[in-house]
Amino acid sequence: MNDKIISLPNNAESYYLLARKKMSQQLFKDAIVYLKKALDHQQSRDYIKDLAMCYAEIGQVDIGAGYIYECIVTAETFADYFYILSQLYTKAREPNKAFLFGLYYVQLTDDQSYMAELVKTFDVVYKNKAEVEAESALFVTQQIFQYLFSRGRINESIDWISNQPLALQARKEMRNLRAMAYLFMSRYPEAEALLEQLLDEDETDIHALCHYTLLLYNTHQHSKYQHYIQRLNKLHPISEDESFKLGIVLCYLKQYEASQALLLPIYKKKMLKNAQLYHALSFNYYALGDRTASEEMWRQLVRLTGNDTPSPRDIFEGMRYLEEQVIPLLRSDDSHHRLLGIFLISQLDHKETMISKELWDELEQMRDYEKLYLSYIFHQLELVKLDFIHKGLQALYEVNQEHELLLAWIDNAEEVIAAKRPLTVDAYAAATYYAYSKVNGTSASMKHCAELFNTTHYQFTKAYEFFKQNNV
């Protein structure tokens, strides 16, 4: 009998030792698993560094860099992390990034031995050291801004820029990034002031033109927007960076064919692993009819970022559903139809993403009762009577989504509320379903309806008798 007991790792150091062993065997995917477990127990610079390096070894350097960026934006002392980034991109054979991150590290630490190593490794020759250092600082700030921005951490991305030296903040690249962040936060007056200043300085600034056109689109300045969208469609970018920016913005503005013409060559040429590129190409492909390519681009985006936002298919189908099923109800003269329209919005996945600014504006102009229902749904306002109506709609919607049934429930629920009867959702929902089935010819039995809505036969009978007595 073998009395040996196999001990399982139960602390950070044990997992880290296992990870180091896997790294020595070049089993980097296994090492990543153990390093993550070590980090679950204890945060450590060494664990994070090795995790980033393992991702570089398996060709996912940007995921590894994300762990380092996270340390930079949260740590009080972060200079050494730029050294790690330099080493990381050296490992990944991306010399430009490796040099620029390394040079920024040298600026922070005055590590001249590493500067000499950089010059030797990358065979660098430059005439003006100050200019190269300024470009390094710009590059680093842009990279971390994009990391935060692409994950929806917009306020943090603005703070990151605000914490840089004033000379760096004043560069047009930084002001454009800040304006873009303001746009996404709907801080339109601040964005407008920045962008108009940038265009006064240089009317050909393609980034400012793109952002300003977005501003006009979002703020419904229709005549000015038409003028600027025509300008964008006539632009001939002089660099890949300008083509990329213009292509991304044109996608957002639903100019899918023009966007695809700019972005697809960049993707085919460089096979860039870029979240914005995958996102735009996926939407372009879907809008232009290539569903398979759209889904593949979305899969690549999810692999890169873990993105859980709605896909182009979700967005386009959701928008079609809103236009065909929901908006006609919202615009009805009948208040019960309007309530049903709001309920149907509440059942949408990613509803906050699906609802356009124009639709929000329309919802905000609705009458007080509908506004209360909106507050109940979106702000969790506690409202007993609307809670009764809403939960009944939910119960019925799970069984049958026909609008006539749901409208019958709203009628019935208001009768129950007016009679000041106990608001027992299941019994009245079951009675409503039974009455509806009799009218439309499906004739579900009383027993079936009571079981379907998890209520007793006695409660069901009382609810149904109330409806009969009141000619509901």
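The values are calculated or read from the model by the stated rules, or taken from the named source; none is laboratory data. Because the structure is a prediction, the values reported are computed rather than measured. Positions of Cβ are backbone-derived with ideal geometry, glycine not excepted, and every protein chain shown enters the neighbour counts.
Here are some notes:
- Condition met for ALA116 (assigned to a helix (DSSP H, G or I) and either surrounded by fewer than 15 Cβ atoms within 10 Å (Cβ to Cβ) or at pLDDT below 90 (or both)): yes
- Residues of region 97-113 that turn out to be in a helix (DSSP H, G or I) and either over 14 Å from GLU133 (Cβ atoms) or free of Cβ contacts under 8 Å to residues at least 24 places away in the same chain (or both), as a count: 6
- Residue match in region 263-275 (condition: more than 23 Å from the chain's Cα centre (by Cα), farther than 24 Å from PRO312 by Cβ, part of a helix (DSSP H, G or I) and not assigned by TED's automatic domain parsing to the domain that holds THR353): no
- Count of region 236-260 residues which are of a type in the set (Lys, Arg), outside any loop (DSSP other than H, G, I, E, B) and surrounded by fewer than 21 Cβ atoms within 10 Å (Cβ to Cβ): 0
- Residue check, ASP308 farther than 19 Å from MET354 by Cα and acidic (Asp, Glu): no
- Tally of residues being acidic (Asp, Glu) and under 19 Å from ASP50 (Cβ atoms) across region 71-93: 1
- When TYR81, TYR105, TYR126, TYR69 are checked against the criterion of being under 29 Å from SER150 (Cα atoms), more than 31 Å from the chain's Cα centre (by Cα) and not β-branched (Val, Ile, Thr), TYR105 stands alone in meeting it.
- Restricting attention to region 71-91, the residues that are touching a residue at least 12 places away in the same chain (Cβ under 8 Å), closer than 12 Å to ARG45 by Cβ and not aliphatic (A, V, I, L, M) total 4.
- Taken over region 356-374, the residue count meeting the criterion of being in a helix (DSSP H, G or I) and of a type outside the set (Asp, Glu) is 9.
- Taking first residues from region 154-180 that are assigned by TED's automatic domain parsing to the domain that holds LEU138 and partners that are in a loop (DSSP other than H, G, I, E, B), the Cβ contacts under 6 Å between residues at least 6 apart in sequence or on separate chains come to ILE154/MET185.
- Flag if ARG338 is assigned to a helix (DSSP H, G or I), within 18 Å of the chain's Cα centre (by Cα) and modelled with pLDDT of 90 or more: no
- With respect to (1) outside the structural domain of GLN325 (by TED's automatic domain parsing); (2) more than 17 Å from LEU329 (Cβ to Cβ), the lone exception for SER375 is condition (1).
- Taking the conditions (1) farther than 26 Å from VAL302 by Cβ; (2) surrounded by 15 or more Cβ atoms within 10 Å (Cβ to Cβ) in turn, SER157 satisfies each one other than (1).
- Residues (within 29 Å of the chain's Cα centre (by Cα) and assigned to a helix (DSSP H, G or I)) located in region 375-390: SER375, TYR376, ILE377, PHE378, HIS379, HIS390
- Matching option when the condition is surrounded by fewer than 15 Cβ atoms within 10 Å (Cβ to Cβ) and touching a Phe, Trp or Tyr at 6+ places or on another chain (Cβ under 7 Å), among LEU393, LEU383, LEU406: LEU383
- Residue within region 75-92 that is touching a helix residue (DSSP H, G or I) at 6+ places or on another chain (Cβ under 7 Å), assigned to a helix (DSSP H, G or I), of a type in the set (Lys, Arg) and over 23 Å from GLN276 (Cβ atoms) present: yes
- Exactly one residue out of GLN255, GLN230, GLN221 is within 23 Å of ILE355 (Cα to Cα), among the polar types (S, T, N, Q) and more than 23 Å from the chain's Cα centre (by Cα), and it is GLN221.
- Positions within region 197-235 being of a type in the set (A, V, I, L, M) and assigned to a helix (DSSP H, G or I), in sequence order: LEU198, LEU199, ILE206, ALA208, LEU209, LEU214, LEU215, LEU216, ILE229, LEU232
- Entry remark, region 311-335: residues being surrounded by fewer than 18 Cβ atoms within 10 Å (Cβ to Cβ) and either within 17 Å of ASP368 (Cα to Cα) or not aliphatic (A, V, I, L, M) (or both) number 15 in total.
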